[in-house]
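> I am attaching a structure below and will ask some questions about it afterwards.
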Amino acid sequence: MRRWMLLLLAALVGIQMVNAQDNGLVTQDVTVIPEVDGYGQTVLVAEGLLVNQSGDAYTNITLLAEVYDADNTLIGEGIGYPVNACLAGLLPDFTLQPDASQPFAVTLELYEGDAEAIQRVEILAQAEATDPQPDDAAPILNVVPVTRREVVSVEWIDRDNLRYGTGCWRDLFTRWDWYEYNVAQDSETPITHPKTEFVEREAMHQQVGLTDPALLNRSFMSFDPNGRRMVYQNELNTIITAEPDGSFKRVLYEGLANRTLQGIYWLAQPGRFLAYYYGAFGDPVIYFTADVDGQTLGEPPEETIPSLIVPGANPDGTRLVLAVEQEGRAGYYLKRMAFKELDPLFTMTPPGNNWPAPLWRVDEATNTTSIYVALPIDGQPRLHCFNLQTRALHELMPLPLQLADDERARWWLSPDNARIALAANGVNGGLWLIELDAPGQTCE
């Protein structure tokens, strides 16, 4: 994992990072770490944060690196670009606005020696200056912005507190940067995720058969936020649940080696979750629901009706809302997990599989169920609510989403049903709180 890689390089001679530029672009928090490239080869990459400290905006950004040893001899060089949290390069037309920042990655090539010879890395940022663009994003009533980081996971602690993780959605949660946020005080604190200690134990790696750091990182290992047990996939993509130490394993589904797991979503009922699979943006989604004790709640994933979106499961995982196309028309349908029949809800062109899944809100006091959906209306994301009792769809408000095809958004309902935490990654990523009980947000 990245932790032992960082420890390896930290043991080397203290590497100095020098930022050289004649514009307002400054690099911060630069670290040289080993990464595995697309060909399975280990390469050295200088990663950090590019900050625009000038009054100009910059586009066509390129970062050039020179690597020196202790004798001040040039031993390597590199070229890199602004990237997203998964280290994918941004398009050349990406523009870094004043006072904004963006991660970058520079792949280093050494002429001679190895990582231990590196004493100093100089990074030069080259870019074209352009006029800054005003921030024309108007505030949205009843939507509270929390952060502009690339948020990939949220866990509600109670009605007033949540923790959120930022980083690459494909990475193990222990590689994300975690923060705890208090709603009333609008304040956050950097934290270590409370389940990190279990993942760091070598004995657990042995128990689950994930001793290879690369396999562990792609395992999607995830812990029940309200319980003990965890779920993960092994090297053959078999889905397994286990205790925190890796014991008492329960195999859920095998035969998924040709499927790409995209996420584990924990439901409101403790111990229950939705797992979903697809290949890329626009591909159909297959799925299943189960619990951490090894009980499956419906059909195996390869037998499900493929959905055009990530399905939204009810709190106990026995029903879900999905989008399918029938007779040339796309719409949203209700499905019981153990049955093939589809109950039509409403006709609407669904967004891509990178948009938030339908979100269930059950009010036991009034015995009503509302299903919140994000829908594109005239190209703009908007929040809608479908009342399952009256069968009426209500348009509520705009949503602060700007998603490219390779970016994604997810959301989570607070324990008291009062708020939705909406998270997105990418250049326009962030975390927002949507107040559901404000005037005008009725779903009756």
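The values are calculated or read from the model by the stated rules, or taken from the named source; none is laboratory data. Fair warning: this is a prediction, and the values are worked out from it, not measured in the lab. Positions of Cβ are backbone-derived with ideal geometry, glycine not excepted, and every protein chain shown enters the neighbour counts. Accessible surface is based on the protein model in full, side chains and every heavy atom, while ligands, DNA and RNA are left aside. Shrake-Rupley method; radii C 1.70, N 1.55, O 1.52, S 1.80 Å.
> Might you check whether a residue that is in a strand (DSSP E or B) and either within 26 Å of Gln97 (Cβ to Cβ) or open to solvent by 50 Å² or more (accessible area, probe 1.4 Å) (or both) occurs anywhere in the range 347-358?
Quick first cut of the range 347-358, residues in a strand (DSSP E or B) only: 347.
Next, only the ones that are either within 26 Å of Gln97 (Cβ to Cβ) or open to solvent by 50 Å² or more (accessible area, probe 1.4 Å) (or both) stay: 347.
Yes: one or more hits.
> A further question follows. Read through the list (1) assigned to a loop (DSSP other than H, G, I, E, B); (2) open to solvent by less than 70 Å² (accessible area, probe 1.4 Å); (3) in contact with a strand residue (DSSP E or B) (Cβ under 8 Å, 6 or more places away or on another chain); (4) more than 25 Å from Lys195 (Cβ to Cβ), then give the number of the only condition that Ala280 fails.
(3)
> Mind checking whether some residue in the range 264-276 is open to solvent by 20 Å² or more (accessible area, probe 1.4 Å), β-branched (Val, Ile, Thr) and touching a residue at least 40 places away in the same chain (Cβ under 8 Å)?
yes
> Filter the range 187-205 for residues that are in contact (Cβ under 8 Å) with a residue 40 or more places away in the chain and not hydrophobic (A, V, I, L, M, F, W, C); which is most open to solvent (accessible area, probe 1.4 Å)?
Per the stated criteria, the residue is Arg201.
> Shifting gears a bit: Restricting attention to the range 300-336, and to residues there that are in a loop (DSSP other than H, G, I, E, B) and under 26 Å from Asn417 (Cα atoms), which single residue is farthest from the chain's Cα centre (by Cα)?
The residue in question is Thr318.
> Looking at the range 65-81, is at least one residue among the small types (Gly, Ala, Ser) and closer than 18 Å to Val36 by Cβ?
Within the range 65-81 (the criterion being among the small types (Gly, Ala, Ser) and closer than 18 Å to Val36 by Cβ), the answer is yes, since at least one residue qualifies.
> From Asp343, Asp293, Asp363, which residue is surrounded by fewer than 17 Cβ atoms within 10 Å (Cβ to Cβ) and closer than 23 Å to Ser219 by Cβ? Break it down into steps so the answer makes sense when it comes.
Details: Asp343 fails: closer than 23 Å to Ser219 by Cβ; Asp363 fails: closer than 23 Å to Ser219 by Cβ.
Selected residue: Asp293, the only one of Asp343, Asp293, Asp363 that is surrounded by fewer than 17 Cβ atoms within 10 Å (Cβ to Cβ) and closer than 23 Å to Ser219 by Cβ.
> Output the residue which, of all residues in the range 245-262 that are modelled with pLDDT of 95 or more and on the phi > 0 side of the Ramachandran plot, is most open to solvent (accessible area, probe 1.4 Å).
Phe248
> Taking the condition of a type in the set (Phe, Trp, Tyr) and under 12 Å from Ile118 (Cβ atoms), does Tyr58 pass? Let's see the steps before the verdict.
Numbers: of a type in the set (Phe, Trp, Tyr): yes; under 12 Å from Ile118 (Cβ atoms): no.
Considered against the rule, which asks whether it is of a type in the set (Phe, Trp, Tyr) and under 12 Å from Ile118 (Cβ atoms), Tyr58 comes out as no.
> Now for a different question. If Asp136 satisfies all but one of (1) modelled with pLDDT under 95; (2) open to solvent by less than 40 Å² (accessible area, probe 1.4 Å); (3) farther than 20 Å from Leu422 by Cα, what's the number of the condition it fails?
(2)
> Could you list, in sequence order, all residues of the range 413-444 that are under 15 Å from Tyr372 (Cβ atoms) and open to solvent by less than 10 Å² (accessible area, probe 1.4 Å)?
Ser414, Ile420, Ala421, Leu422, Ala423, Leu433, Ile434, Leu436
> To continue, here is another question. Exactly one condition in (1) without any contact (Cβ under 8 Å) to a residue 40 or more places away in the chain; (2) more than 26 Å from Glu435 (Cα to Cα); (3) part of a loop (DSSP other than H, G, I, E, B); (4) not polar (S, T, N, Q) is not met by Ala184; state its number.
In the conditions (1) without any contact (Cβ under 8 Å) to a residue 40 or more places away in the chain; (2) more than 26 Å from Glu435 (Cα to Cα); (3) part of a loop (DSSP other than H, G, I, E, B); (4) not polar (S, T, N, Q), Ala184 misses (2) alone.
> Which ranges mark the strands (runs of 3 or more DSSP E) fully within the range 20-138 that have 3 or more residues being among the polar types (S, T, N, Q)? Step through it out loud before you land on a result.
Values: elements: 25-36, 42-52, 57-68, 74-82, 101-110, 120-130.
Correct list: 25-36, 57-68, 101-110.
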